[in-house]
């Protein structure tokens, strides 16, 4: 496809976008061409990237990359939905695709925005206070929520997980969990929820809530570590949970939970003495990065690595093999193509201006980078 035809194809969208709002200018989508080709027989069409935007700036945006055209579309949502006031909203905190719908969790706008996954056209929204992360199971969406206002408060209430019907987009149930819940996973009809207690510092929560899905009730809280955040399951249904520590004397840790032999109950089996800000799996490997802040030194310590999920040992001190990690200021998101093993790392830069997304092959060699919106963070892959 030539630049001429690209321009002619998107010109009608530009005209629509600039004519639908009389009192507010719609920022048009910008396009870059990335020298990337789809793998043979790939089942992945492309991916969406949510840029969080700085809190209070109302600058959450959505980017999209299409493998079959090579086009990277920056600020995809606004042009597709020119009549939506304030666009996506304030602080995009998670993204996911289920069926034909794309879901974006917008934390400080207290909603989950729902779009058609193919076109990006808005279908509606789900109102959930201080929402954080989203998962899907048997026709339902599950959204973790701090419940209370966006405010550091020693008396902040316990959080909750909301159940949403994915057909009607209505909230159908709610269960109270620990303080300021974050990521979730579902294993064998039980949901595991990482509780942070981040609003109640220094009195952090240290538990993983267990929800029985059949009747949607919390049945257990498992002590793990303080200020929990990431919680992801590997291909063997082991759960990996990250602790952010207290940013001072108690460092970040990574915990492994497995089912107790002979019982349908998760227990903590291993503690890895390393920081982990985010992680992604490919095969038997866990890829992680850490941006560990310390209040005493007022600085970040940044690291990358690969863990063998069978042995739970660090296989490599960095998954970037060509030294280009030096070009990344603040790693802020990671995703791995489920078929090719290509690795994607976002860079938040200074948190107030455009970030970057870098693509690496599975051996850690940089292939390309592209400018994103502010604070690029969360990626979901679109199937063909």
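Quick look at the numbers
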| read-out | value |
| --- | --- |
| Packing-based exposure ordering (other Cβ within 10 Å, fewest first) of 344, 216 | 216, 344 |
| Gaussian network model of the chain, Cα within-10 Å springs - most flexible of 264, 278, 203 | 264 |
| Segment 233-384: relative contact order in percent, alpha carbon pairs under 8 Å with at least 6 residues between | 13 |
| C-alpha center-to-center spacing [segment 219-233, segment 263-277] in angstrom | 9 |
| Gain upon complete extension [residue 189, residue 168; 0.36 nm per residue less C-alpha separation] | 5.3 nm |
| Structure-based [θ]222 nm, the chain - -39500 (n - 2.57) summed over DSSP H runs of at least 4, per residue, nearest 500 | -2000 deg cm²/dmol |
| Relative contact order (%) - segment 163-222, alpha-carbon pairs under 8 angstrom, separation at least six | 26 |
| GNM top mover of 326, 217, 140 - the chain, alpha-carbon springs below 10 Å | 326 |
| The chain - percent relative contact order, Cα under 8 Å, separation 6 or more | 12 |
| Degrees separating the helix 3-20 axis from the principal Cα axis of the chain, which is the longest one | 80 |
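Just so you know, all these numbers are worked out from the coordinates, no wet-lab data involved. As the structure is a prediction and not an experimental result, all values here were calculated from the model. Positions of Cβ are generated from backbone atoms using ideal geometry, with glycine treated the same way; all protein chains shown enter the neighbour counts.
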